[in-house]
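The values are calculated or read from the model by the stated rules, or taken from the named source; none is laboratory data. What you see is a predicted model; the values in this text were computed from it and never measured. Cβ sites come from the backbone with ideal geometry, for glycine too, and all protein chains shown count toward neighbours. All accessible areas refer to the heavy atoms of the entire protein, side chains included, with ligands and DNA or RNA removed. Shrake-Rupley method; radii C 1.70, N 1.55, O 1.52, S 1.80 Å.
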Amino acid sequence: MNWIDLLWSMATGACLTVALIHLWIGLRVSRIDLRVRRGKANLVFALNAFLIAFYSRIEWWLIQANNPAEYLARLRWQDINGGLVGVALVMFVWVYLGTGRKWLAISGISLMLLSLTADLGSKPKLVFLELTSIRKVPTFGGATYTVAEGVHNPWNIVFYLAVFLMMLFVADASISHWRWRGRRRATIVGVAVVLFITMAGIHSALVDVGIVKTSYFVTFFWMFILGAMAWNLSSERLDAEKLADELRVNQERLNRAAAAANLIFWEW
């Protein structure tokens, strides 16, 4: 096992762990009250984390491709899964923040699904009209990754236009949430999503057109969101413990007051 295998395996494991945690929280909260937004947000985020875990494996499979046909088949799955990641992420922000211009979200999701139709034929064509060759690029530690060359499909611009609209929706939702509701923690999650969409989108586009000769790194850009959600979850845990302590202190005060009142009553 080289460092590439280890790195992508660790990323997949981290995504699955986060997915299971939020799935458990979402199911538990939703079981108490289906109307609670937090439970719904946790469930949608769990879906997104499961999708990015699968995306991580596809990225790794793409790195291991040995011929153009194999690369193209795996690229099809990466495109479709990447589109679903974007859709699930927009749905999560929609539910979690509850703000933002909905037409931006709907337009972004619609364009994303429209762009993916290019990969539904017998030969996937979202990124390449024709894939001419692949080559293995050596890196340190004896590891290699795969770089593809071919005729690029101008239809791919529709995919990245959808990514841009999704980024605008998340940015708008984050700003609105900060301005009108003042909830800093939730807004930080929105900022992390904007960073992920922007950086992953730019890097992937540069890889698609051949300007950057590397593999795709979408999984690792998603770690911005993972970190923000982990910080938010731990902060909520600390707040819950603080609230529990305050309730316990108040209960003790009430008990003492009730005992004193009862003593005075009997003495009287």
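Residue-wise test of (1) in contact with a helix residue (DSSP H, G or I) (Cβ under 7 Å, 6 or more places away or on another chain); (2) crowded, with 19+ Cβ neighbours inside 10 Å; (3) touching a residue at least 40 places away in the same chain (Cβ under 8 Å).
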residue: 20; (1), (2), (3): no, no, no
residue: 52; (1), (2), (3): yes, yes, yes
residue: 67; (1), (2), (3): no, no, yes
residue: 77; (1), (2), (3): yes, no, no
residue: 80; (1), (2), (3): yes, no, no
residue: 86; (1), (2), (3): yes, yes, yes
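Here residue 5 passes the criteria (1) surrounded by fewer than 21 Cβ atoms within 10 Å (Cβ to Cβ); (2) within 13 Å of residue 219 (Cβ to Cβ) except the one numbered (2). Taking the conditions exactly as written (without any contact (Cβ under 8 Å) to a residue 12 or more places away in the chain and surrounded by fewer than 21 Cβ atoms within 10 Å (Cβ to Cβ)), does residue 136 satisfy them or not? So residue 136 fits the description; yes.
I'd like to know if the stretch 106-115 contains one or more residues that are on the phi < 0 side of the Ramachandran plot, part of a helix (DSSP H, G or I) and in contact (Cβ under 8 Å) with a residue 60 or more places away in the chain. Scanning the stretch 106-115, I find at least one residue that is on the phi < 0 side of the Ramachandran plot, part of a helix (DSSP H, G or I) and in contact (Cβ under 8 Å) with a residue 60 or more places away in the chain, so the answer is yes.
Taking the stretch 85-105 as the range and being more than 11 Å from residue 177 (Cα to Cα) and outside any helix (DSSP H, G or I) as the test, only 101 passes. Evaluated against (1) open to solvent by 70 Å² or more (accessible area, probe 1.4 Å); (2) over 19 Å from the mean Cα position of the chain (by Cα); (3) touching a residue at least 40 places away in the same chain (Cβ under 8 Å), residue 94 falls short on exactly one condition, (2).
If you go through the stretch 29-41 and keep only what is at pLDDT below 80 and open to solvent by 30 Å² or more (accessible area, probe 1.4 Å), you end up with 31, 32, 33, 34, 35, 36, 37, 38.
Of the helices (runs of 4 or more DSSP H) contained entirely in the stretch 141-230, those carrying at least 2 residues that are modelled with pLDDT of 85 or more and over 19 Å from the mean Cα position of the chain (by Cα) fall at 156-180, 184-208. If you go through the stretch 116-133 and keep only what is free of Cβ contacts under 8 Å to residues at least 40 places away in the same chain and among the acidic types (Asp, Glu), you end up with just 130. In the stretch 178-185 there is no residue that is open to solvent by less than 20 Å² (accessible area, probe 1.4 Å) and of a type outside the set (A, V, I, L, M). The residue that is nearest to residue 170 (Cα to Cα), among those in the stretch 97-118 that are among the small types (Gly, Ala, Ser) and surrounded by fewer than 19 Cβ atoms within 10 Å (Cβ to Cβ), is 98.
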